[in-house]
Amino acid sequence: ISNISEDKKLPLLCNFVAANVFQYINESKTYSEAIAALDGIYVIKRSEIYSRHCLASRIQQNGESISEFLQALKQISKDCSFKAVTAEQYRQEYIRDAFIQSLKCPRIRERLLENTTVTLDKAFDQARALELAELHSASYRTATDSATIASLKRTEDIAAENSVTAVVRTRNAKCFSWGNGRHPRNLCPANDVLCRNCGKKGHFQKVCKSKPMDSPICCIY
C-alpha cells in the first residue's frame with residue numbers, strides 16, 4: 001500500500017471493507033482519518049496503569065530461568081508507555097505506581113487499574129472517593145441492621161407480653177361449672193351436683209344460665 005498514492009488509498013479501502021465496517025469510515029475525508037477511526041474502534045489500547053502494575057508485581061515463576069524472567073519483564077514494559085520525563089514527573093509516576101500497587105482494599109485497586117492512564121492526584125482523588133463510598137455504605141448497613149434488630153426486639157417483646165397476658169388470663173379464668181378458679185374437668189366440685197335453678201347436673205345455681213324452674217330442686221352433695 002506504500003506504492004499507492006494518498007488520493008487512491010481511501011477509495012481502495014472503502015472497496016475492500018465490509019458494509020458493517022464501511023459505516024464507520026463513510027464520512028472520512030482522508031485515508032489517515034479513516035484509519036484513525038478504525039483504530040479507535042478495533043485497536044484495544046493497552047492500559048499504562050495496569051501494565052506498570054504488572055511490571056512492578058511480576059515475580060519469577062517456579063521453573064522460570066533468570067533469562068526468561070528478564071525477557072518477560074521487557075515484554076511487559078513495552079505497554080508501560082515509558083518516555084523521557086523530568087525528575088519530578090518520574091517521582092510522581094513512581095509514587096502513583098507504588099500507591100496503586102500497595103492499596104489494602106482490592107476493590108479500590110481494581111477500579112484504579114481500569115484507567116488507561118491517570119496522574120497521582122487523580123488516582124488519589126478517585127481512591128479517596130471510593131473509600132468514602134465504602135465508609136458511607138458500611139454506615140448505612142450498620143444503621144439498617146440496628147433498625148432491623150430493634151424491630152425484631154420489639155416483636156419479641158410484644159410476643160412475650162402477649163404470652164404473659166395469656167398466662168394471666170388463664171390463671172384468672174373461672175370454672176363455668178362452679179364459678180371459681182379453673183381446674184381439671186374430673187376434679188370439678190360440681191360434677192355430681194344438681195342445679196337448684198334448672199335441675200340439670202354438673203353446675204351450681206350461681207353460674208346457671210337457664211331460666212328458673214317453677215318448683216325447687218333438691219341438690220345432692
Which one is nearest to Glu48 (Cα to Cα), of the residues in the range 97-116 that are surrounded by fewer than 16 Cβ atoms within 10 Å (Cβ to Cβ) and touching a residue at least 60 places away in the same chain (Cβ under 8 Å)? Thr116
Odd one out for Gln89 among (1) without any contact (Cβ under 8 Å) to a residue 60 or more places away in the chain; (2) assigned to a helix (DSSP H, G or I); (3) surrounded by 15 or more Cβ atoms within 10 Å (Cβ to Cβ): (3)
Out of all the residues in the range 3-18, is one or more modelled with pLDDT under 85 and within 21 Å of Thr117 (Cβ to Cβ)? no
How many residues are closer than 16 Å to Leu55 by Cα and small (Gly, Ala, Ser) when one looks only at the range 72-96? 3
The one condition Cys54 fails out of (1) more than 21 Å from Gln101 (Cα to Cα); (2) touching a helix residue (DSSP H, G or I) at 6+ places or on another chain (Cβ under 9 Å) is (1)
Identify the single condition in (1) assigned to a helix (DSSP H, G or I); (2) surrounded by fewer than 15 Cβ atoms within 10 Å (Cβ to Cβ) that Tyr50 does not satisfy, given that it satisfies every other one. (2)
Please go through the range 57-76 and pick out each residue that is in contact with a helix residue (DSSP H, G or I) (Cβ under 9 Å, 6 or more places away or on another chain) and surrounded by 15 or more Cβ atoms within 10 Å (Cβ to Cβ). Ile76
Filter the range 1-30 for residues that are part of a loop (DSSP other than H, G, I, E, B), surrounded by 10 or more Cβ atoms within 10 Å (Cβ to Cβ) and over 53 Å from the mean Cα position of the chain (by Cα) and give the result. Ile4
Only one residue in Asn172, Asn191, Asn180 is modelled with pLDDT of 75 or more and more than 30 Å from Arg107 (Cβ to Cβ). Which one? Asn191
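Collect the residues in the range 65-86 that are at negative phi and part of a loop (DSSP other than H, G, I, E, B), keeping them in residue-number order. Give the derivation first.
So in the range 65-86, the residues at negative phi come out as 65-80, 82-86.
Selection gives Ser65, Lys78, Asp79, Cys80, Phe82, Lys83, Ala84, Val85, Thr86.
The values are calculated or read from the model by the stated rules, or taken from the named source; none is laboratory data. Since this is a predicted model, take the numbers as computed values, not measurements. Note: ideal-geometry Cβ built from the backbone for every residue, glycine included; neighbour counts use all protein chains shown.
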